[in-house]
Amino acid sequence: MDIAGNWLVGQKSTSLKKIERDLSSGISSLSFTTEKLGKYDSTLVSMLFKCHNFCRQYGISFKIDTLPQGLRELLKLAVAVPEADSAKKIGYNTHNIVRMLGERTLGFLDSCTMYAGFIGDLTITFSKAIFGKARFRMYDLLTLMQRTGPEALPIVALISFLVGLILAFVGAIQLAKYGSEIFVADLVGIAMVREMGAIMVGVVMSGRTGAAFAAELGSMKVNEEISAFKTFGISPIEFLVYPRVLALILMFPLLTVFADVIGMLGGMAIGIGMFDIGYEQYMNRTLAALDIVQISTGIGKSLVFGAIVAVIGCQKGLSAENSSLGVGRATTASVVQSITWIIVADAIFAVAFAIFDI
Amino acid sequence: MNDASENSKGDDVFTVKNLTMAYGDYVVMRDLNFSIKRGEIFFIMGGSGCGKSTLLRHLIGLIKPSKGEIFFEGRNFTEASEDEKIEMIRKFGVLYQGGALWTSMTLAENVALPLREFTNITAREAEDIVDLKLALVGLNGFGAFYPAEISGGMCKRAGLARAIALDPKVLFFDEPSAGLDPISSHRLDELIVQLRDSMGATVIIVSHELASIFDIADRALFLNTATKTQGAIGAPKELLNSEDRAVRVFLNRGVDPLEKKENKSL
């Protein structure tokens, strides 16, 4: 083969297809002449490397002794370690829909088993804790309660105030058509207490705290801090997950009551400010609309939502892959799944409440 | 530190029988058979990615063998119940590659945690022990620092202080000299020998640092990536001229002393 001219990145050169066609036409050895070779860079080395691979494939002897010294050395280096078979990853064809469906189904089943195991471990820990045998630091629990409770108040206040405001605005405009704006107090009160308070706290906390749990535990896993707990015989579920779940279960009802009140204030702002309802009138209407059953449905739900956010956040963190990409994925998955499961749980509650007429 | 009955030097602390390590279907190493003697400094060496750290994780019980068994002090570690396993694990101290300090706690709290959890000493006594352990690794006075506030080498030493908090019978090191400058690395080696001598512990080190291997290893085990099983085992100086070519090449940095240099062609 005669190599001539300049071989530089970005310049047109002989196509590899043509070379392969020539090589497969039954020659027994390949050598080179390079008298007319000009400047060259990795483009040429890469072409020669490909030629070497073709030659090996077709059983042609590949002679490099006429090549310039630098090229010879680079080629020797490139072929010194043969391509490893195990290095070829079996990539799966994303266009194959049956295969994709299978992979996804198996993945879903795996994650079900993982959650079942995780919730099982957690249940054992909770029952241990009842007898005072769970191994965790009270200091951690209190810090977590501070972080997930009082520190979340501003954002919860903002969101629930706006939700109350929106509910009142949309509702009052419709009610005004029938001259019954005053019922906006009922609407906002019942909607906040039964549904929106708990759901909004759930959504805000899954983005704020669930994601933080996933990222925290995920990075701890990457840093081998989780392994360090295990090698001291300390269960990460007891030491890390239990206080987090407990903190959220304790804080969620309080945050929900707070969100309910602020949401109603938002409704009141619209009622009083835009529809000329008196303060006392609005208050009386609200109090008349609410009863203890309605308030406790919202609080009951919030306990479940708290558990959902904490369990998913911690589980995603502990099962994160060992890389920064893995931690990012775990965080995203934790937020998406928490919100999904909060809505699903809320739907189940709605059906159950309808059946039992609550 | 050691029970009188278990103090006899030279008996086997770990015995590994027909161990196969795998991640799912991918076999990392198969048919590992070796034992580690009490009081020795034992190196697990091999090229990058050969499964050294995986073997360490099997020995400390973080991964279950896909085949074969591991015995610790004559008891079956692989088949042990959760409670028995935890009882055995408490005799281990592990120094992870980056130190693996718990980042939300100060160095003193890191060292104190195992003491508080597993002994019934008072807070005052725990504090004294923490001071001693930090001083042993040269971090006297750094107790109030958080891991993020100190250098990587210091994190490693603090990790060692935590690993020796409960006076372990077996000390594991995962790549102790990785990321350390030659002087710190040498100091850490000396520290390992001193700790072994003073605490009577068995030391198991995963490393490919030849200087450390020749300096402090009593025996070393070579894991061969090509054959996916164990190569030679023995004192490093003897392994230099071992019959196992792979270990000779490894210990001589890619050159086989028993082979004449020949002209390689493609």
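Tally up the residues in the stretch B:105-137 that are without any contact (Cβ under 8 Å) to a residue 40 or more places away in the chain and in a loop (DSSP other than H, G, I, E, B), please.
3
Could you list all residues from the stretch A:212-228 that are of a type in the set (A, V, I, L, M, F, W, C) and either farther than 18 Å from B:Asp174 by Cβ or facing chain B (nearest Cβ under 8 Å) (or both)?
The answer is A:Ala212, A:Phe213, A:Ala214, A:Ala215, A:Leu217, A:Met220, A:Ala228.
Please go through the stretch A:23-36 and pick out each residue that is surrounded by 12 or more Cβ atoms within 10 Å (Cβ to Cβ) and at pLDDT 80 or above.
A:Ile27, A:Leu30, A:Ser31, A:Phe32, A:Thr33, A:Thr34
Test A:Ala211 against the stated conditions and say whether it is closer than 22 Å to A:Ala330 by Cβ and at pLDDT 95 or above.
Yes: the conditions hold for A:Ala211.
Looking at the structure I just gave you, is A:Ile272 outside any helix (DSSP H, G or I), modelled with pLDDT under 95 and away from chain B (no Cβ under 14 Å)?
No, not satisfied.
Scanning the stretch A:201-211 for residues that are buried (at least 20 other Cβ atoms within 10 Å of the Cβ) and not aliphatic (A, V, I, L, M), which turns out nearest to the other protein chains (Cβ to nearest Cβ)?
Looking at residues that are buried (at least 20 other Cβ atoms within 10 Å of the Cβ) and not aliphatic (A, V, I, L, M), I get A:Thr209.
For B:Ser151, which of the numbered conditions (1) on the phi < 0 side of the Ramachandran plot; (2) at the interface with chain A (Cβ under 9 Å from one of its Cβ atoms) fails to hold?
Condition not satisfied by B:Ser151: (2).
Please enumerate the residues belonging to the stretch B:110-135 that are among the acidic types (Asp, Glu) and either in contact with a strand residue (DSSP E or B) (Cβ under 7 Å, 6 or more places away or on another chain) or within 9 Å of another protein chain (Cβ to nearest Cβ) (or both).
Within the stretch B:110-135, just B:Glu117 meets the criteria.
Could you grab me the full set of residues in the stretch B:167-187 that are over 20 Å from A:Asn223 (Cα atoms) and either touching a strand residue (DSSP E or B) at 6+ places or on another chain (Cβ under 7 Å) or surrounded by 23 or more Cβ atoms within 10 Å (Cβ to Cβ) (or both)?
Result: B:Pro168, B:Lys169, B:Val170.
For the stretch A:45-72, which residues satisfy the criterion of being facing another protein chain (nearest Cβ under 10 Å), in a helix (DSSP H, G or I) and not hydrophobic (A, V, I, L, M, F, W, C)?
Listed by number, the residues that qualify are A:His52, A:Arg56, A:Arg72.
Which residue out of A:Phe349, A:Phe258, A:Phe275 is among the aromatic types (Phe, Trp, Tyr), assigned by TED's automatic domain parsing to the domain that holds A:Pro150 and within 14 Å of A:Ile199 (Cβ to Cβ)?
The unique qualifying residue is A:Phe349.
Any idea which of A:Gln281, A:Gln337 is in the same structural domain as A:Phe161 (by TED's automatic domain parsing) and within 17 Å of A:Val204 (Cβ to Cβ)?
Answer to the selection: A:Gln337.
Of all residues in the stretch A:229-238, count the ones that are more than 7 Å from chain B (Cβ to nearest Cβ) and in contact with a Leu (Cβ under 9 Å, 6 or more places away or on another chain).
Residues flagged as more than 7 Å from chain B (Cβ to nearest Cβ) and in contact with a Leu (Cβ under 9 Å, 6 or more places away or on another chain) within the stretch A:229-238 amount to 3.
Of the residues that make up the stretch B:145-164, is at least one crowded, with 20+ Cβ neighbours inside 10 Å, small (Gly, Ala, Ser) and farther than 11 Å from B:Gly99 by Cα?
Checked against the condition, which is being crowded, with 20+ Cβ neighbours inside 10 Å, small (Gly, Ala, Ser) and farther than 11 Å from B:Gly99 by Cα, the stretch B:145-164 yields no hits at all.
Please work out which residue is nearest to the other protein chains (Cβ to nearest Cβ), limiting yourself to the stretch B:73-103 and to residues that are loosely packed, with under 15 Cβ neighbours inside 10 Å and of a type in the set (S, T, N, Q).
Only one residue tops the list, namely B:Ser81.
Looking at B:Lys37, is it more than 13 Å from every other protein chain (Cβ to nearest Cβ) and modelled with pLDDT of 90 or more?
Here the answer is yes, as B:Lys37 does meet what is asked.
Does A:Pro243 satisfy being closer than 22 Å to A:Val311 by Cα, at pLDDT below 95 and buried (at least 21 other Cβ atoms within 10 Å of the Cβ)?
In short, no.
Scan the stretch B:47-69 and tell me whether some residue there is assigned to a strand (DSSP E or B), of a type in the set (A, V, I, L, M) and within 21 Å of B:Gly24 (Cβ to Cβ).
The answer is no; no qualifying residue exists.
Any residue in the stretch B:45-57 that's within 12 Å of another protein chain (Cβ to nearest Cβ): show its pairings with residues that are among the polar types (S, T, N, Q) and part of a helix (DSSP H, G or I) at Cβ separation under 8 Å, as long as the two are six or more apart or on different chains.
These pairs meet every condition: B:Arg57/A:Ser227.
Going through the stretch A:4-44 one residue at a time, which ones are within 25 Å of A:Ala80 (Cβ to Cβ) and in a helix (DSSP H, G or I)?
A:Leu16, A:Ile19, A:Glu20, A:Leu23, A:Ser42, A:Thr43, A:Leu44
Could you please let me know if B:Gly143 is within 18 Å of B:Pro114 (Cβ to Cβ) and out of contact with any Phe, Trp or Tyr (no Cβ under 8 Å at 6 or more places or on another chain)?
So B:Gly143 passes the test.
The values are calculated or read from the model by the stated rules, or taken from the named source; none is laboratory data. Note that the structure is predicted; figures quoted are calculated from it, not measured. Glycine also receives a Cβ, built like all others from the backbone with ideal geometry; neighbour counts cover every protein chain displayed.
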